[in-house]
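Data first, discussion second: the structure below is written as structure tokens.
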Amino acid sequence: MRTLALLIAAVGILLEGLVIGVTLFALGGVIDAYSMSLAGADPSAAQVAVKITGVVLAVLLVVLAAGLAAAAARDRHARRMAFLAMLFQCVVVVIAGLALGWAVFAGTLVVLGTLLYALLDDSQQTATR
């Protein structure tokens, strides 16, 4: 059952990473297209910063999802990675609950629940880092 929970969490985090990366990259394009100034900052600097942030977050989340999927494939605990993913997921759940609607909030709660299950599963399998 832990394997299924880790796979669901990996897929959810992969989707979140792709959505966050694409959204921030598109937002950087909007900033550039409209020459928007963010609190007096240079629009080109803001555009580059938002695009870089989107790419970095997407890459980090894809790596995190790959680590969770690898742990699921080996059918082992991935306590550190699952804990890191759960911390990130808590932030995503709060943002989704405040700004993105009930469907997104429910989806992020499912991912958080599967991560919590994977962390609390106390079956007799050996733990890995």
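The values are calculated or read from the model by the stated rules, or taken from the named source; none is laboratory data. Only a predicted model underlies this, so the values are computations on that prediction, with no experimental measurement involved. Ideal geometry is used to build each Cβ from the backbone, glycine not excepted, and the neighbour counts take in all protein chains shown. These area figures cover heavy atoms from the full protein model, side chains too; ligands, DNA and RNA do not enter into them. Shrake-Rupley method; radii C 1.70, N 1.55, O 1.52, S 1.80 Å.
Charges were assigned to the Cβ only: +1 to each Lys and Arg, -1 to each Asp and Glu. The resulting dipole of the chain about its Cα centre is roughly 380 debye. Measuring nothing but protein heavy atoms, the accessible surface of the range 16-88 at 1.4 Å probe radius is 75 percent carbon and sulfur.
Scanning residues 5 or more positions from HIS77 or on other chains, those with amide H under 5 Å from its amide H are THR128, with H placed 1.01 Å from N in the peptide plane.
Just to be sure I understand: with springs between alpha-carbon atoms less than 10 Å apart, which residue in GLY101, GLY40, GLY113 has the highest mean-square fluctuation in the Gaussian network model of the chain? Per the Cα network of the chain with a 10 Å cutoff, GLY40 tops the list.
Summary value for the chain: 34 percent relative contact order, contacts being C-alpha pairs under 8 angstrom separated by 6+ residues. For a Förster distance of 35 Å, can you work out the FRET efficiency between the beta-carbons of LEU4 and ILE52, rounded to the nearest 0.05? With a Förster radius of 35 Å, E is 0.50.
If the chain linking ALA41 and VAL11 were pulled fully straight, counting 0.36 nm for each residue of separation and taking away their Cα-Cα distance, it would gain 7.1 nm.
In angstrom, the C-alpha Rg and Dmax of the chain are 17.1, 58. The figure for THR3 is an accessible area of roughly 40 square angstrom, using a 1.4 Å probe on the protein chains alone.
Label-to-label distance, TYR34 versus VAL59, with points set 7 angstrom from Cα along the beta-carbon direction: 2.9 nm. Of the DSSP H helices in the chain, those with a Cα length along their own long axis of 30 Å or more and a mean Kyte-Doolittle hydropathy reaching 0.0 comprise 2-34, 43-74.
Estimated at the nearest 10 Å², the accessible area of VAL11 is 90 Å² with a 1.4 Å probe.
The solvent-accessible area of ILE20, taken with every protein chain present and a 1.4 Å probe, is close to 50 Å². Between THR23 and LEU84, the C-beta separation translates, for a Förster distance of 22 Å, into a calculated FRET efficiency of about 0.50. Under conditions of 37 °C and 0.692 mPa s, the range 12-81 yields 246 µm² s⁻¹ as its translational diffusion coefficient, taking Rh as the Kirkwood radius over Cα pairs in the Stokes-Einstein equation. The calculated FRET efficiency for the pair VAL110 and ARG74, based on their C-beta separation and a Förster distance of 25 Å, comes to about 0.60.
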